[in-house]
Amino acid sequence: MTLDEPSFLEARSILASAERVAVFSGAGLSAESGISTFRDQEPDALWSRFDPMLLASVEGFAENPGRVIDWYNWRRAKLAQATPNPAHLALAAQPGLVHITQNVDDLLERAGVSPERILRLHGAIDIDCCHAVCGFEERVDVANAPPLRPCPRCGAPVRPAVVWFGERLPEAAWQRSEAISAAVDCLLVVGTSATVYPAANLVHRAIAGGRAKIVVLNTRRSELTGAAHVELLGTAGSTLPKLLRGLSLHSD
Ligand code: BV8
């Protein structure tokens with residue numbers, strides 16, 4: 001991505017003139033921190049090696065809870081080795097932004113984004129909760145996460161506080177994400193294949209709002225290529241710092 005490319009200049013112009021910008025992010029935002037994406041063609045992409053329905057679903061957990069916990073603890077150990085990349089830092093340098101993220105890592109927070117400016121649609125991998133939803137929750141040390149264990153409050157299994165396939169998204173985060181997407185002049189979409197619903201609907205919600213321009217940043221064309229006003233093909237870590245430099249973006 002060079003700074004004089006028409007698409008880069010157009011994306012800068014859309015962002016600079018937008019009154020309200022929100023960021024909608026996926027696994028590509030954290031890829032340069034060494035966190036595997038799900039659907040990339042690269043050999044370490046998660047779904048190319050593991051079956052999501054066995055490891056990220058209620059049925060998979062019921063069938064073999066120990067296998068699911070071990071898989072998440074393997075991912076947690078990877079996160080323990082990761083640090084925010086230049087894309088996270090460029091976003092954190094824009095305190096007026098709200099982040100609607102599908103990611104379950106804490107790299108935006110660790111980059112300096114205030115937690116109340118982050119809407120987590122798919123939960124948090126650094127938190128454990130009771131599978132029977134008794135209310136038990138606790139932050140875990142991702143470098144040394146506990147094995148499968150019973151809930152200390154009710155005895156049901158404890159599991160990562162992430163949203164599995166077939167589970168509802170957190171109501172408050174979802175509703176606020178829908179409202180923000182419908183109200184922005186620009187939705188900056190970073191590093192998502194836009195293949196998981198209902199999260200991916202937010203882009204169409206933004207377009208239906210009638211005023212949003214969609215700026216997509218991805219290393220390859222995606223489901224959003226047709227919906228994007230501008231599509232920037234490049235890595236988040238190298239492109240976002242240049243794209244946002246000198247701008248002062250606000251979501252509300
Ligand atoms: C639900 C667990 C209903 C957490 C995940 C229509 C409407 C509603 C539901 C559905 C529907 N159609 C189908 C469904 C069901 C299902 C679904 O969407 N299935 C898909 C596969 C078709 N949805 C659900 O089950 C959802 N729940 O609908 O509940 C309900 C209602 C009432 C009552 C009960 C239930 C739950 C969805 C959440 C599933 N959980 N994971 C975890 O373990 O992490 S999904 C998984 O995919 C992750 O959470 C991830 O966040 C999400 C999206 O993936 P991406 O982030 O986009 O990552 P991906 O690898 O795909 O793409 C990365 C992109 O980055 C690529 O494009 C790549 O090119 C790019 N990239 C790579 N490197 C870089 C880069 N870009 C820039 N820079 C780089 N360096």
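In this structure, the amide hydrogen of residue 231, modeled 1.01 Å from its nitrogen in the peptide plane, lies closer than 5 angstrom to those of 216, counting only residues at least 5 positions away or on a different chain.
Isolated cysteines of the chain, defined as having no other cysteine beta carbon under 4.7 Å away, are 129, 186. Across 120, 67, 76, mean-square fluctuation computed from a Gaussian network of the chain (C-alpha pairs under 10 Å connected) peaks at 67.
Both numbers refer to the Cα atoms of the range 194-252; Rg and Dmax are 12.5, 34 Å. Taken over the alpha carbons of the range 153-199 as equal point scatterers, the Debye sum produces base-10 log I(q)/I(0) values at 0.22, 0.26, 0.31 Å⁻¹ of -0.99, -1.18, -1.25.
Cα gyration tensor of the range 111-222, axes a ≥ b ≥ c as square roots of the eigenvalues: rounded (a/c below 1.5), prolate (a/b > b/c) or oblate? Cα axes put the range 111-222 in the prolate bin. With contacts taken as Cα pairs under 8 Å at a separation of at least 6 residues, the range 120-209 carries a relative contact order of 27 percent.
Counting only the backbone N, which residues of the range 228-243 are under 18 Å from the spot 7 Å out from the Cα of residue 220 toward its beta-carbon? Only 231-237 fall inside the zone, counting backbone N under 18 Å. Applied to the range 114-127, the Karplus parametrisation 6.51 cos²θ - 1.76 cosθ + 1.60 on θ = phi - 60° returns per-residue 3J(HN,Hα) values of 5, x, 6, 9, 10, 9, 8, 6, 10, x, 9, 6, 8, 10 Hz, with x for Gly and Pro. Here's how it looks for residue 57: its modeled amide H is under 5 Å from those of 165, which are all 5 or more places away or on a different chain.
Charged side chains reduced to their Cβ positions (Lys and Arg at +1, Asp and Glu at -1) give the chain a dipole of some 140 debye around its Cα centre.
Kirkwood Rh, the range 91-165, all Cα pairs: how many Å?
13.5 Å
In this calculation the C-beta distance from residue 59 to residue 168 is compared with R0 = 22 Å, giving a FRET efficiency of 0.90. At 37 °C and a viscosity of 0.692 mPa s, what translational diffusion coefficient does Stokes-Einstein give for the chain, taking Rh as the Kirkwood radius over Cα pairs? Give it in µm²/s as a whole number. After rounding, the answer is 176 µm²/s.
How would 192, 219 line up from fewest to most surrounding beta-carbon atoms within 10 angstrom?
Values: 192 28, 219 16.
Fewest-to-most Cβ neighbours within 10 Å comes out as 219, 192.
Rounded to the nearest whole Hz, the Karplus-based 3J(HN,Hα) values (6.51 cos²θ - 1.76 cosθ + 1.60, θ = phi - 60°) of the range 22-32 follow the sequence 10, 10, 10, 10, x, 4, x, 5, 9, 4, 7, with x at glycine and proline. For the chain, a Gaussian network of Cα nodes joined below 10 Å ranks 29, 54, 202 by mean-square fluctuation, and the top entry is 54.
With contacts taken as Cα pairs under 8 Å and at least 6 residues apart, the chain reaches a relative contact order of 27 percent.
Volume of the convex hull of the range 1-105 (Cα atoms only), normalised per residue: 135 Å³.
For residue 161, nonlocal amide neighbours, meaning residues 5 or more places apart or on other chains whose placed amide H falls under 5 Å from its own, are 124, 127, 128, 129. Taking label positions 7 Å along the Cα-Cβ direction at both residue 245 and residue 19, the computed distance is 3.0 nm, reported to one decimal.
Every number in this text was worked out from the coordinates using simple rules, so none of it is lab data. Just so it is clear, the structure is predicted and the values come from calculations on it, not from any experiment. Cβ atoms come from the backbone with ideal geometry, glycine included; neighbour counts cover every protein chain shown.
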